[in-house]
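A short worksheet on the structure shown next.
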Amino acid sequence: MKVLVIGSGAREHALVTALSADPQVDAVIAAPGNPGMATTARCEPVDPLDPAAVTDLARQHSVDLVVVGPEGPLVAGVADAVREAGIPCYGPSAQAARLEGSKAFAKEVMAAAECPTGMGRLCTTMAEVADALDAFGAPHVVKDDGLAAGKGVVVTDDRAEALAHAEQCLAKDGGAVVIEEFLDGPEVSLFVLCDGTDVVPLVPAQDFKRVGDGDTGPNTGGMGAYSPLPWAPEGLVDDLVARVAQPVVTEMARRGTPFIGTLYIGLALTSRGPKVIEFNARFGDPETQVVLARLRSPLGQLLYAAATGSLADQPELRWSEQAAVTVVMAAENYPGTPRSGDVIDGLADVGEVPTAYVLHAGTADGPDGTVVSAGGRVLSVVALGADLEQARERVYAAVERVSFADCHARSDIALKAVRGEIADPNPSARPPHPEAGAAATMEA
Ligand code: AMP
Ligand code: GLY
């Protein structure tokens, strides 16, 4: 099987790596890809946001499957165009991707599917915003209704800041905001593979969204992740499949917009049980880096089955019992406008650390065979271990070997989990289980 992966981040590099390891996958093409992916895949400089160009590329290489990484191409209709050309595609249609593209649409589907979530109100005037802020109280949660690359959400105790963010969002053409009830408790990301009818969950992971240690500073695309979650309640995954993923996929099919691809459930474990914070219509970055590091089942066959409506026939997934941690190395000034063009040193030395490897995100080929920074999140360093503590030690040993001018990384990825400082606040929850109840067969 030949697979085309759309995107250029570390998530796509992780997808390319896992797909290449599938014995049924003979070749992987990436568009546009990056220098890291170029070691295992053929990279083609095609605009990932251009549905016709992506479809032409898929035809030209006679690929059997197209896997779309980021949300931009999905919202632009890349999956629709590829499927119309008769090529299996792992990724939702533009209509189905509205689960991510519109916060208001996501809330509407959650209501119809009776998913556990916080209260929310769609507002289009400042008077409605003020009312909603008063109704829910602080901390205030104000979300831009449209896609905003993780930067459209403000969570604050400061009413003036909440109002200012709402005003900014409403000032846009057709602007709308969703004001939400604040959901307290540890956050979990769960990816569920969907074929339009059936769903298969992967293992949960935790992401670190803020730029600074101790969850300080502005939100980013994600600065690190780990899996498994030793503190997650037993049965969590089964519960989320039964109460969220399956009802949402059934509701989307009922509406005539079947969901094919990854339903990313972002949730908080609150004192009243798990509540959905958001949906995304794709794999998360950087959680994918740790989830795929632990997957032992062949990914190409799995995504092909999802793209062709046959997930129900797939054997149960197999997972490594090892823990995985990833740390993002970011360029100076990220999440603001990052500096680029700095030479990255030490990439070859990462191999000295057992299990460690580097996935590329914002990198480019520099002069004389060097690799230079070319984006905000530059690298995603990954390591495995017998437990989170060992995986953490290894990943940071690897991060120390790599450098580029003024790069920064969080030093506390997975630290609270290792110290046992995270707890499920729901008193009725059952005791923790290493795999949070995933229906999975374990192997070392
Ligand atoms: P989103 O773009 O919806 O993923 O929001 C980005 C981040 O803002 C989430 O990962 C949470 O950390 C935070 N957040 C969003 N909605 C809420 C909420 N209702 N309660 C608490 N935190 C939230
Ligand atoms: N890790 C968060 C995201 O992919 O949106």
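Read the figures in this text as sums done on the coordinates, not as results from a lab. These numbers come from a predicted model, not from an experiment. Ideal geometry is used to build each Cβ from the backbone, glycine not excepted, and the neighbour counts take in all protein chains shown.
Some notes on this structure:
- Taking H61, H360 and counting other C-beta atoms within 10 Å, the order from fewest to most: H61, H360
- For A166, the shell of other residues with beta-carbons less than 14 Å away shows a net charge of -4, using +1 for Lys and Arg and -1 for Asp and Glu.
- Computed over the chain with a Gaussian network model linking Cα atoms closer than 10 Å, the most mobile of T39, T270, T124 is T39.
- Viscosity 0.890 mPa s, 25 °C: Kirkwood-radius Stokes-Einstein D of the range 293-410 over Cα pairs, µm²/s: 155
- Amide H contacts under 5 Å for A30, placed H, 5+ residues apart: V5, R42, C43, E44
- When every Cα-Cα distance of the chain is counted in 10 angstrom steps from zero, the calculated P(r) takes the values 5, 22, 33, 29, 11, 1, 0 percent.
- Neighbour-count ranking [beta-carbon atoms within 10 angstrom, fewest first] of Y90, Y304: Y304, Y90
- Each residue of the range 123-133 was assigned a 3J(HN,Hα) from its phi angle through the Karplus expression (A = 6.51, B = -1.76, C = 1.60, θ = phi - 60°), giving 10, 10, 10, 5, 5, 5, 4, 4, 4, 5, 4 Hz with x at Gly and Pro.
- Percent of C-alpha pairs per 10 Å bin, the range 41-89, short to long: 28, 64, 8
- Amide H contacts of T363: A374, each under 5 Å away and 5 or more positions distant or on a separate chain (H built 1.01 Å from N in the peptide plane; Pro and chain starts excluded).
- Ranked for footprinting exposure by Cβ neighbours inside 10 Å, fewest first, K2, K103 give K2, K103.
- Look at the alpha carbon pairs under 8 Å that are at least 6 residues apart: their mean separation over the length of the chain gives a relative contact order of 18 percent.
- Phi-derived couplings, Karplus 6.51 cos²θ - 1.76 cosθ + 1.60 at θ = phi - 60°, listed residue by residue for the range 69-83: x, x, 6, x, x, 5, 5, 7, x, 4, 5, 4, 5, 5, 5 Hz, with x used for Gly and Pro.
- Pairwise Cα inverse-distance average, inverted: Kirkwood Rh of the range 140-247 (Å): 16.2
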